[in-house]
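Accompanying notes for the structure given below.
What follows draws every value from the coordinates through simple rules; no lab data is involved. No experiment lies behind these values; they were computed from the predicted model shown. With ideal geometry, Cβ positions are generated from the backbone for all residues, glycine too; neighbour counts draw on all protein chains shown.
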């Protein structure tokens, strides 16, 4: 027996090690230990900027600039009510144009289901740093300015536009 061990001991030890490694390999799931590919990311709309006016949870979507471009590509028509509100709140046509170009779409205050002219509430700042919301109606023939709201000061009791 001693002779067998000395003669074949190293080989038996090697075979035992290989058998043990095969058993461990079968029991362990080494695939789970491999780094997986990162999960696909879903683009999220950017959070509303801190300076943005609006409700407690307005949504300013990424596609907002597409809405701005779509409205800017149409003839701009001012309703009688919009003209009156602009006069009461000292908002000029230039400032309305600036909000149309650079404003953020407040989806909470917008009404996309309004047929035939979906309404979009665009918010921004005037040249005098007043926060305003301008409501635009996206009609087939033109972009109509429906109303203009001064978000800092809505105290226009002397303004009778209705």
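Footprinting exposure proxy ranking of 128, 147, fewest other C-beta atoms within 10 angstrom first, gives 128, 147. At full extension, residue 157 and residue 69 could sit 28.2 nm farther apart than now, given 0.36 nm per residue minus the alpha carbon distance.
Could I have the simple spin-label model distance between residue 24 and residue 77, label points 7 Å from Cα toward Cβ, reported in nm to one decimal? Calculated label separation equals 8.1 nm.
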